[in-house]
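First the structure, in the form of structure tokens, and then the observations on it.
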Amino acid sequence: MTTQFNDKKQDERLHELHVKEEEQLAEMLAQKYGVEYVDLTSKSIDTDALRLISQAESEASEVAAFRKINKKIFVGMRSPERDDSLKSIQTLEHLGYQVQRFIVSHASLVHAWDRYHDLSYATETEAGVLTLSNEVIQQMLQKLKALEDVRTEIGGFSTSKDTHRISRILEVIMAGALSLGASDVHMEPEEEGVRMRYRLDGVLIEVLIFDAVTYGLISSRIKLLSGLKLNIKNAAQDGRFSIQVSEKEIEIRTSILPGAYAETIVMRILDPTTIALPMERLGFDKYLMDIFNIEIAKPNGMILNTGPTGSGKTTTLYAFLRQVANPGIKVVTIEDPIEYHLPGIVQTQVSKDYTFAEGLRSTLRQDPDVIMVGEIRDAEVASTAINASLTGHLVFSTLHTNDAGGTFPRLIDMGVNADILGAAVTTAMAQRLVRRLCPHCREEKIMDDAEKALMAPLLASIPHPEEVPPNRDKMWIAKGCAKCGGIGYKGRIAVVEVILMDKEVEECVRHTSSERDIWHAAKHQKIRRMSQDGAVKVLQGVTTLDELGRVVDLHDEVMLETIS
């Protein structure tokens, strides 16, 4: 009779014996040191506890946190005498945790380590705060260099069975937006799927298409973070949350609109580093810098910056505030929201019960020297701001008009007396943002006849011709390289126009609200129109003619007439 051996069964039996012996050894070790023993191989691991020790540290020191109840933490360890194990526990104690120690086997630690792959990169530390660890965000910033990297990373999680895949997708979306410098994330449901786009340097660029099921889960996650109601799908909602990256907090403003297929979501990213710019870095030419340095040094008056949403008005006003702020004066701002915190300045934020009008009236009782009003939206704010500038205050604010000449008719339309505008408003300016050409890949080009025909009227009688490049037939175009993510542009710069209040402009404003007449009255000031400022930047290779035409109407007959 032949004896047959089942090698597989024998190996399984030997493995079971080995595991049992290891657990017995761990239990004996626990008795020796007077520490409790636990077998984790059949227990669930609390990922909130596990994440308190990094995977690398956990595996190196053979320590794993497996349960967390408020500030009490349960930790498994192979040996209670190892220095690196004790150091890991001391770190937890320094964080304010009460640590309860357990002796565990190597198999128990492996079971705990296997759960690290379930950890989300981010933690929701409190309502409305998404914290990305410094280590992880640095890894993401290194990994997500271009749109294709974001697509690949999200695509991997979209097909994953990971229970935390929605959190991970959201983390990649936000980390990609931060890495690429996006100002907004747009999610737009359509019949075939949900289109996700980043606004990069003012232009929307498609990233990928989500399926409806994944988007439904993502939108619920965003609503939870933003403090919005999950069960409301037929009304607009606005909320906000913040992303904690290292020592920096980035605020995200969420806007949700009901749509034909599902809710449309836009998340606006308010990164303080993108607007904390000094005046020298805003792209003003020397003659403009001289004008602004004189105007913001005045003890009273009003400087109004105009333009559409997203044209950089607030960034410019912050630069002015940084320039004028000093310990000898009191500066107060009323904003919606506070986008960048400035030291030495009192900043307030509007809310349901604290409007711009209420804030401005209250601010005047604080005896300020300089006031910044985030936006003049109605007649009450306009009237109060004008009166503040007439009573010894320097006021900065923004207004929605197409150009600097439209500032005065807009204020008159709000009910401001035209007779006092001359004494109240010192400077009206308008700006747009154009994308900067990537300096690493831009290509030189000789203008064709159509391009020369566009540029000719702008350059014919341009003020300050000494700053215009001598060669007026050459410009640069976008190409695309690894450094700009293949787009050809990197960053933005302002194109600006200014009207200063003087005798001629004041007289004109009193008798007419025609923008054409106001521009003619200001012509003697020899300040370039926005299109002319942009034309110089085209010749300098800072931007392209196509990009300038995207934000400024180069065929505007009124504009061409007033600069000729």
Quiz item: Do we find a residue being under 30 Å from Cys441 (Cα atoms), open to solvent by 20 Å² or more (accessible area, probe 1.4 Å) and not aliphatic (A, V, I, L, M) anywhere in the range 498-521?
Solution: no
Quiz prompt | Within the range 138-246, strands (runs of 3 or more DSSP E) holding 1 or more residues that are open to solvent by 50 Å² or more (accessible area, probe 1.4 Å) | solution = 194-200, 203-210, 237-245
Quiz item: What residue, among those in the range 244-264 that are touching an Asp or Glu at 6+ places or on another chain (Cβ under 8 Å) and polar (S, T, N, Q), is nearest to Phe210 (Cα to Cα)?
Solution: Thr264
Quiz item: Within the range 24-58, can you find the residues that are over 16 Å from Phe102 (Cα atoms) and out of contact with any strand residue (DSSP E or B) (no Cβ under 6 Å at 6 or more places or on another chain)?
Solution: Thr47, Arg51, Ser54, Gln55, Ala56, Glu57
Quiz item: Can you name the residue in the range 356-412 that is of a type in the set (Val, Ile, Thr) and assigned to a strand (DSSP E or B) and, of all such residues, is nearest to Ile527 (Cα to Cα)?
Solution: Thr398
Quiz item: Given the structure, is Asp353 farther than 30 Å from Ala535 by Cα, of a type outside the set (Val, Ile, Thr) and modelled with pLDDT under 95?
Solution: yes
Quiz item: In the range 250-263, is there at least one residue being closer than 15 Å to Pro337 by Cβ, part of a helix (DSSP H, G or I), open to solvent by 20 Å² or more (accessible area, probe 1.4 Å) and in contact (Cβ under 8 Å) with a residue 40 or more places away in the chain?
Solution: no
Quiz item: Can you tell me which residue in the range 541-564 is nearest to Pro308 (Cα to Cα), limited to those that are open to solvent by 20 Å² or more (accessible area, probe 1.4 Å) and part of a helix (DSSP H, G or I)?
Solution: Val551
Exercise. Pull up the range 411-434, narrow it to residues that are within 35 Å of the chain's Cα centre (by Cα) and among the polar types (S, T, N, Q), then point me to the one that is surrounded by the most Cβ atoms within 10 Å (Cβ to Cβ).
Key: Gln431
Quiz item: Restricting the search to the range 294-323, which residues are hydroxyl-bearing (Ser, Thr, Tyr) and more than 19 Å from Val346 (Cβ to Cβ)?
Solution: Thr306, Thr309, Ser311, Thr315, Thr316
Practice problem: Identify all residues within the range 349-363 that are out of contact with any Asp or Glu (no Cβ under 6 Å at 6 or more places or on another chain) and surrounded by 17 or more Cβ atoms within 10 Å (Cβ to Cβ); write none if there are none. | Solution: Thr355, Phe356, Gly359, Leu360, Thr363
Quiz prompt | Filter result for Lys483 (in contact with a Cys (Cβ under 7 Å, 6 or more places away or on another chain), within 30 Å of Glu443 (Cβ to Cβ) and modelled with pLDDT under 90) | solution = yes
Quiz item: Can you name the residue in the range 435-468 that is assigned to a helix (DSSP H, G or I) and in contact with a strand residue (DSSP E or B) (Cβ under 9 Å, 6 or more places away or on another chain) and is also surrounded by the most Cβ atoms within 10 Å (Cβ to Cβ) among such residues?
Solution: Met455
Quiz item: Which of the residues spanning the range 269-312 are within 25 Å of Ile462 (Cβ to Cβ), assigned to a helix (DSSP H, G or I) and touching a Gly at 6+ places or on another chain (Cβ under 8 Å)?
Solution: Glu295
Quiz item: Taking the range 326-344 on its own, how many of its residues are open to solvent by 20 Å² or more (accessible area, probe 1.4 Å) and in contact (Cβ under 8 Å) with a residue 24 or more places away in the chain?
Solution: 6
Quiz item: Residue check: is Lys233 more than 27 Å from Leu360 (Cβ to Cβ) and modelled with pLDDT of 85 or more?
Solution: yes
Practice problem: May I ask you to verify whether Arg67 is closer than 20 Å to Ala30 by Cβ, free of Cβ contacts under 8 Å to residues at least 24 places away in the same chain and touching a helix residue (DSSP H, G or I) at 6+ places or on another chain (Cβ under 8 Å)? | Solution: yes
Practice problem: Name, by its number, the condition in (1) assigned to a strand (DSSP E or B); (2) in contact with a Phe, Trp or Tyr (Cβ under 6 Å, 6 or more places away or on another chain) that does not hold for Arg432. | Solution: (2)
Quiz item: So which residues in the range 486-497 are out of contact with any helix residue (DSSP H, G or I) (no Cβ under 6 Å at 6 or more places or on another chain) and either in a strand (DSSP E or B) or not small (Gly, Ala, Ser) (or both)?
Solution: Ile487, Tyr489, Gly491, Arg492, Ile493, Ala494
Practice problem: Write out, first by first residue and then by second, each pair whose Cβ atoms fall under 7 Å of each other, whose residues are 6+ apart or on separate chains, and whose first residue, in the range 496-508, is within 15 Å of Leu304 (Cα to Cα) while the second is of a type in the set (Phe, Trp, Tyr) and modelled with pLDDT under 95. | Solution: Val496/Phe284
Quiz item: Just a yes or no: is a residue in the range 389-405 more than 34 Å from the chain's Cα centre (by Cα) and either modelled with pLDDT of 95 or more or open to solvent by 50 Å² or more (accessible area, probe 1.4 Å) (or both)?
Solution: yes
Exercise. Quickly run through the range 501-540 and pick out the residues that are among the hydrophobic types (A, V, I, L, M, F, W, C), out of contact with any Ser or Thr (no Cβ under 6 Å at 6 or more places or on another chain) and outside any helix (DSSP H, G or I).
Key: Ile527
Quiz item: Quick one: would you say Asp353 is more than 30 Å from Thr273 (Cβ to Cβ) and within 29 Å of the chain's Cα centre (by Cα)?
Solution: yes
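The values are calculated or read from the model by the stated rules, or taken from the named source; none is laboratory data. Everything quoted here is computed from the prediction, not taken from an experiment. So basically every Cβ, Gly included, is an ideal-geometry build from the backbone, and we count neighbours across all protein chains shown. What goes into the accessible areas is simple: the full protein's heavy atoms, side chains included, and nothing from ligands, DNA or RNA. Shrake-Rupley method; radii C 1.70, N 1.55, O 1.52, S 1.80 Å.
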